[in-house]
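One structure is given below, encoded as C-alpha cells.
The values are calculated or read from the model by the stated rules, or taken from the named source; none is laboratory data. A quick note: this is a predicted structure, and the numbers were derived from the prediction, not measured. All Cβ positions, glycine included, derive from the backbone under ideal geometry; neighbour counts span all protein chains shown.
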Amino acid sequence: MTPARRTTSAAATAIVLATAGGLLTAVATPASAATTCTSPVYKRQFFANTTFSGTPKKTDCDSKIDQNWGTGAPASGLPSNKFGVRWTVTRDFGSGGPFSFPVEARDGIRVYLDGVRKVDLWKDVSTTVKKTVNVTIPSGKHTLRIDFVNWTGAANVKFSYAPRTSSTIDKVKPRTPTGTTVTYDTATGKARITWSKNKEMDLAGYRVYRRLKGSAYPAKPLTTTTSTSYTDTPPPTGQTYYYEIRAVDKAGNESTGTTDQAVTTVDRTAPPVPAGLSTVSQPKGLWVGWSAVQGAVSYRVYRAASADGAYTNVGSTEQVSYVDASAAEDTTSYYRVTALDAAGNESARSVAVSGKRRDLTPPSAVTGVTVTPTEYGFEVRWDANPTADLASYVVRRGELLGDEEEQVCSLYPGYYVSADTTSYAYTVLPDGEESCFIVDAVDDAGNSSFRGTGEAQIVTATELDMTPSAATPGGSPVRLTAASGEAGVELSWSPVTDAIGYQVYRWNPHAKAYEKLAATTGSSYEDTGAAKGTTHFYWVTAQYADGTESAPDADWVVLAP
C-alpha cells in the first residue's frame with residue numbers, strides 16, 4: 001500500500017496563462033489531472049463525498065488496495081465520515097481467462113470491469129463484509145475501477161484480483177510469446193534463442209522446442225524455463241533446425257508456438273559407420289555391398305589380405321556397392337567401408353567382411369536321365385556327373401505347356417540331393433498326368449549347369465493312374481486329413497455332432513473297393529499296415545446310434561519307398 005501523502009505545489013499545480021481584458025491571469029489546473037501512475041499501479045482519488053462528485057481532494061498512486069483508516073480521515077482535508085475513495089487501473093491481462101475478485105469492506109464497495117459492475121456491496125455496515133466474485137476477463141487491456149465509501153464509523157477496504165489457476169477451471173491458452181530471435185555462433189556451435197516477456201498473470205514459464213527440418217516438433221520440449229532466453233547446442237550436422245517457444249500457465253495450458261526460428265549448423269559430425277556388408281563373386285570381380293548410410297554422399301572401400309591386416313583404399317563410389325575388379329580369383333580378401341558426407345567428414349571403418357572370387361565355370365550337363373512311373377510317383381535316375389567340385393544335384397519336375405507341335409517344360413522348384421546319389425524317389429499323386437523332368441548339377445561354388453547354359457536333358461513320363469474307381473459321394477460331415485507318419489499313415493478328422501463312432505476304410509486296388517480297416521470312437525487313427533512305395537486312399541464315415549453311417553470324406557497319402 002502507498003499511504004496518502006502530500007504532493008508538492010510543483011507536482012500538484014500547473015500554471016496556464018490566459019488573456020482576460022488584456023491582463024494575464026494565472027489559472028491552476030486540478031492536481032488529479034497531473035497525476036499519472038504506471039500500470040499495474042492504481043491511480044487513487046479521494047473525495048469529500050460519497051457520490052464521487054467534484055474535484056478530488058487528493059490524487060496519488062497506490063500499489064495495492066489494503067487500507068484500514070479506523071475512525072479517522074483517510075487524508076488531510078477529508079472528513080472522517082461520508083468520504084469516497086476511487087482506484088482505477090488499466091492493464092494488459094494477456095489471454096485473460098477466469099479470475100477471482102476477493103473484497104473486504106466497511107462500508108460500501110463496488111468493483112467495475114470496463115464500466116460493468118461485478119461486485120456490489122453498497123451499504124452502511126458496522127462490521128467488515130467479505131465476498132469473492134469469480135469473473136472471466138477477455139484477453140487484452142481492460143480497466144478496473146474500485147469505488148469505496150464510508151458513511152459512518154470505522155473505514156477499511158481490501159481488494160485484489162488474481163487468475164484462477166486450477167486446471168479444471170482455467171482452459172484458456174496463454175498468448176503466444178513475441179519478439180523471438182535466434183543467433184548462431186559457428187565457432188562454438190551454440191544457438192541462443194530470445195523472446196519478449198509474456199504478459200500472462202498466471203504464467204508458469206516457457207517451453208523451448210527444437211525440430212529438424214522436414215520433421216515435426218517432438219512432444220517433449222528441450223527445456224522449460226522462466227527466463228526469456230535459452231542457449232542450445234544443436235547437433236553439428238550441417239542441417240537446418242527450427243526452434244519455437246510456447247508459453248505455459250499454472251493450469252498447464254500451453255500456447256501455440258512462435259514462428260519458426262531457423263539455424264543451419266556447421267557440419268562437424270561424421271556419418272554413421274556403414275553396416276550390413278556382404279560379398280558376392282561376379283564375372284567382373286568381387287562385389288562388395290552395404291546398407292545405405294543417411295547423410296552419406298560417397299563411400300570408400302578398403303581391402304586387406306587378412307581381417308586385422310593393413311587396409312588400402314581400392315576405390316570410391318557414390319553407390320552402395322562396389323565391384324573390386326582387382327581382387328585375385330580363388331583368394332579370400334577382406335574389406336572395410338567408410339561413409340563420407342557433403343562436408344568431407346569420413347566415418348570410422350566398418351567391421352570387416354571377407355569374400356572369395358570364385359570360379360564361374362558350371363558343371364557339365366547331367367546325362368543318362370531316366371524317369372519311371374511308380375505307385376508313389378516317379379523313380380528318377382541319372383549317370384554320375386564327372387565334375388570334380390560337384391556339390392549336389394537338383395531334381396526338378398514340371399508340366400508340359402503348348403500344343404503337340406511345340407511344347408515347353410515349365411519347371412517347379414527342385415529337390416537337392418547329395419553329389420554321391422544318382423537316383424531320387426519323386427513322390428506325387430499318381431493320377432495319370434504327364435510330367436517333364438530335368439536333373440541339374442551344382443558345384444561347390446554354386447554354379448549350376450542348367451542356369452549357366454540354359455540347357456538340360458528333358459525327359460517326359462506319364463504317371464500311373466492310381467485313382468480309385470469308386471467315386472466319393474458329397475455331403476459328408478467328416479473333415480478327413482491323411483498324412484505320412486513315422487509308423488505308417490496318420491488319419492485325423494473333426495468330431496461330428498451326434499456321432500457315436502467312426503468307420504475307417506482303405507482302397508484296395510485289387511478288389512477295386514474301399515475295405516473297412518477299423519472302427520473307433522476317437523477322431524484319429526494310425527494305419528501301421530500301410531505299405532511303403534505306393535499311394536493309399538482312405539474314407540472315414542460317422543456312425544450314428546441307429547446304425548446308419550454318414551457319407552464318407554476322402555483323402556490320400558503317398559508313402560515313399
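Quick rundown of the values:
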item	result
Filtered residues of the range 356-380 (kept if over 24 Å from Met466 (Cβ atoms) and touching a Ser or Thr at 6+ places or on another chain (Cβ under 8 Å))	Lys356, Arg357, Arg358, Leu360, Pro362, Pro363, Ser364, Ala365, Val366
Every residue from the range 286-309 that is more than 22 Å from Ala270 (Cβ to Cβ) and exposed (fewer than 15 other Cβ atoms within 10 Å of the Cβ)	Ala305, Ser306, Ala307, Asp308, Gly309
Out of Ala441, Ala499, sole residue that is in contact with a strand residue (DSSP E or B) (Cβ under 8 Å, 6 or more places away or on another chain), touching a residue at least 12 places away in the same chain (Cβ under 8 Å) and surrounded by fewer than 19 Cβ atoms within 10 Å (Cβ to Cβ)	Ala499
Considering residues of the range 445-484 that are touching a Ser or Thr at 6+ places or on another chain (Cβ under 9 Å) and of a type in the set (Asp, Glu) only, the residue farthest from Thr497 (Cα to Cα)	Glu455
Conditions (1) free of Cβ contacts under 8 Å to residues at least 40 places away in the same chain; (2) not in a loop (DSSP other than H, G, I, E, B); number of the one not met by Ser291	(2)
Single residue of Ser298, Ser333 found to be part of a strand (DSSP E or B) and in contact with a Gly (Cβ under 9 Å, 6 or more places away or on another chain)	Ser333
Check on Ser492, surrounded by 15 or more Cβ atoms within 10 Å (Cβ to Cβ) and of a type in the set (Gly, Ala, Ser)	yes
Hits in the range 243-260 (condition: more than 15 Å from Ser95 (Cα to Cα), surrounded by fewer than 20 Cβ atoms within 10 Å (Cβ to Cβ) and touching a strand residue (DSSP E or B) at 6+ places or on another chain (Cβ under 7 Å))	Asp260
Residue list for the range 250-305, filter: under 26 Å from the mean Cα position of the chain (by Cα), of a type in the set (S, T, N, Q) and under 29 Å from Lys190 (Cα atoms)	Ser255, Thr256, Thr258, Thr259, Gln261, Thr264, Thr265, Thr269, Gln294
Thr387 over 16 Å from Gly285 (Cβ atoms), β-branched (Val, Ile, Thr), modelled with pLDDT of 95 or more and assigned to a loop (DSSP other than H, G, I, E, B)	no
Neighbours by Cβ (under 7 Å, 6+ apart or cross-chain): first from the range 105-126, more than 19 Å from Arg44 (Cβ to Cβ); second in a loop (DSSP other than H, G, I, E, B)	Lys123/Asp107; Asp124/Asp107; Asp124/Trp151; Asp124/Thr152; Val125/Asp107; Ser126/Gly153
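Conditions (1) in contact with a Leu (Cβ under 7 Å, 6 or more places away or on another chain); (2) among the basic types (Lys, Arg); (3) free of Cβ contacts under 8 Å to residues at least 24 places away in the same chain; (4) surrounded by 13 or more Cβ atoms within 10 Å (Cβ to Cβ), marked per residue:
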position	(1), (2), (3), (4)
Arg358	no, yes, no, yes
Pro362	no, no, no, yes
Phe378	no, no, no, yes
Tyr393	no, no, no, yes
Gly398	yes, no, no, yes
Gly414	no, no, no, yes
Val417	no, no, no, yes
Thr422	no, no, no, yes
Phe437	no, no, no, yes
